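Okay, structure first, notes after.
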Amino acid sequence: MTGFRSSVVYQIYPKSFYDSNGDGVGDLRGVIEKIPYIASLGVDHVWFNPFFPSPGRDNGYDISDYCAIDPAMGTMEDFEELVEALGAHGIGVMLDMVLNHTSTEHEWFRKALAGDERYQRYYYLRDPKPDGSLPTNWVSKFGGPAWEPFGDTGKYYLHLFDRTQADLDWHNPDVREEAARVVNFWRSKGVRGFRFDVINLIGKPEALLDAPEGTDDRAMYTDGPDVHTYLQWLSEQSFGQDADSITVGEMSSTSIQACIGYSNPANHELSMVFNFHHLKVDYEDGQKWTLKDFDLAALKRLLGEWALGMQEGGGWNALFWNNHDQPRALDRFGNVDEYRYESATMLASAIHLLRGTPFVYMGEEIGMSDPAYTSIDDYVDVEARNAYAELLAEGRTPQEAFRIVHRKARDNSRTPMAWDASATAGFTTGTPWLRPTGQEAVNVEREEREGSILPYYRKLISLRHELPLIAEGAYAPWEQDNPDVLAYTRTHEGDRLLVLCNLRGTDSEVTLPEGLETAEVLIANHADADAWVAAHRAVRPRPSALPLRPYEAIALLERAEPAA
Ligand code: GLC
């Protein structure tokens, strides 16, 4: 069977997971030491954010050597040991392939700058417009224009991210060959999992053109004409040769249609895709650096459309609330102060029982939340610091700008993993590179002893392995118009699962579909869920509505053959 459908992936931000040598930065030996914990979660793969040599302008997404280990993170021997040690637990390694751009410190870019034409063809170098203005009106995703002078040549190079991240020109067959070489290098080390960074940006059109006045420039280079061809080629040359490969593409500002193309097995591109639409429901006018309560109706609509659309087109979603680029979902969609347990487990239920492959971002499984930082100096991320400066330049007060950064910064999820309640969160014996907060109350040691979120995650993860219904079942939305409750069904060989998640911190209710008379509670985040459901079932005439408490999650399973 397609193994990735019954898999769960755990994401580790290596810089913040565990520091084995006291320099304040996480490392590969630190991960090796924590393998018993990782294995105890029951996950099938670990996706590691980049740990390759990098000047670190964008925390490792600005790579200067694709086939080596950043000395601050460890050695190649450490990496080989890590692959083997995880493998001994049946856990695969998934590496982050940042192939849309290189660091400007990469030797390809350096040679290009020194005048080597072969390497100049690796990048997008363009002349200014006749009037002297930049080649296009595109903006960098990290702020400012997307073009930077290319030495003193009078030309400009394209960078959709930081100015030290130069976009590679995939039209050049040499660039594609290099990409395949990188993937094959890691395959030769036993790696079978790959996450492709912003991969839907590699198919830019040959002619780079201005976005028409008043339109979104992302449309000019996203999901471009050649992405599918390039991915098919890359698959054929590398990971597509492994029967057990698992790949996920990060798709920036994408569409369901494009993602069906990327992930329908018939196309031989990727196993699955990340999209971010559901994580923009708290953006004002689609803009990240704004403050707005999340729009629950939009969240439900997007989760439903993507689940259904991908199913109908034979595609496959990666399911997630958190990653290293997102503030903690618990702070965005839950209530950390009053309902940490309920909202954390409700959010987990909502995606772990859905059609797709769930990803758990380190710390999510113990209910970690955004740090309680009080000063802009606590933030280190280039994006956050640029945004703060831009907000001030737009006329916001320092207080307003700080409030926005505080909610939106990527550093929110990059704080060190909280292993225990100590001042350094048990992450390091030195000074952590990013300050932990909140570990007194939320940490692994405490969750293991008396917690309830961690055991809930372990149960959800094992359910996906045990029940083909969860891995393979057909999805259908239920009560899509319910203003409070996210509800859906999964069906498989006569078994039927109804998942109910109250996304509100208040009581709500949901209509029960016909035919769940004998359904049992499969998993729920209230210990008395069996009695609760039974009590409401006992009401005559049969209730059509089941009340749900704040952030309550209940999954009801009706088996084709009632268990004897
Ligand atoms: C992806 C990464 C993000 C990085 C960007 C540029 O979105 O997840 O962390 O900054 O690509 O590589």
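A few points about this structure:
- Region 127-179 - residue that is among the β-branched types (V, I, T) and surrounded by fewer than 18 Cβ atoms within 10 Å (Cβ to Cβ) and, of those, nearest to the chain's Cα centre (by Cα): V139
- Identity of the residue in region 194-239, touching a residue at least 40 places away in the same chain (Cβ under 8 Å) and among the basic types (K, R), that ends up farthest from the ligand (Cβ to nearest atom): K204
- R410 vs. criteria under 21 Å from Y10 (Cα atoms) and surrounded by fewer than 23 Cβ atoms within 10 Å (Cβ to Cβ): yes
- Residue count, region 468-492 (criterion: in contact (Cβ under 8 Å) with a residue 24 or more places away in the chain and either out of contact with any Leu (no Cβ under 8 Å at 6 or more places or on another chain) or assigned to a strand (DSSP E or B) (or both)): 16
- Checking each residue in region 177-199 for being in a loop (DSSP other than H, G, I, E, B) and more than 20 Å from M272 (Cα to Cα) picks out S188, K189, G190.
- Flag if G87 is more than 23 Å from T357 (Cα to Cα) and in contact (Cβ under 8 Å) with a residue 60 or more places away in the chain: no
- Selection count where residues are of a type in the set (A, V, I, L, M, F, W, C) and farther than 15 Å from L522 by Cβ, scope region 452-509: 8
- Failed item in (1) surrounded by 15 or more Cβ atoms within 10 Å (Cβ to Cβ); (2) outside any helix (DSSP H, G or I); (3) more than 16 Å from the ligand (Cβ to nearest atom); (4) hydrophobic (A, V, I, L, M, F, W, C), with V273 passing the rest: (3)
- Residue pairs whose Cβ atoms lie under 9 Å apart, sitting 6 or more positions apart in sequence or on different chains, and linking a residue in region 505-534 that is at pLDDT 95 or above and basic (K, R) to a partner that is surrounded by fewer than 17 Cβ atoms within 10 Å (Cβ to Cβ) and not in a strand (DSSP E or B), do not occur here.
- Close pairs (8 angstrom Cβ cut-off, 6 or more residues apart or separate chains): within 19 Å of A112 (Cα to Cα) and away from the ligand (no atom under 16 Å from the Cβ) in region 142-154, in a loop (DSSP other than H, G, I, E, B) and β-branched (V, I, T) anywhere: W147/T136
- Entirely in region 37-118, the strands (runs of 3 or more DSSP E) that have 2 or more residues that are within 16 Å of the ligand (Cβ to nearest atom) and closer than 28 Å to T428 by Cα: 45-48, 92-97
The values are calculated or read from the model by the stated rules, or taken from the named source; none is laboratory data. Just so you know, these numbers come straight off a predicted model, no measurement behind them. Methodologically, a virtual Cβ is constructed for each residue, glycine included, from the backbone with ideal geometry; neighbour enumeration extends over all protein chains shown.
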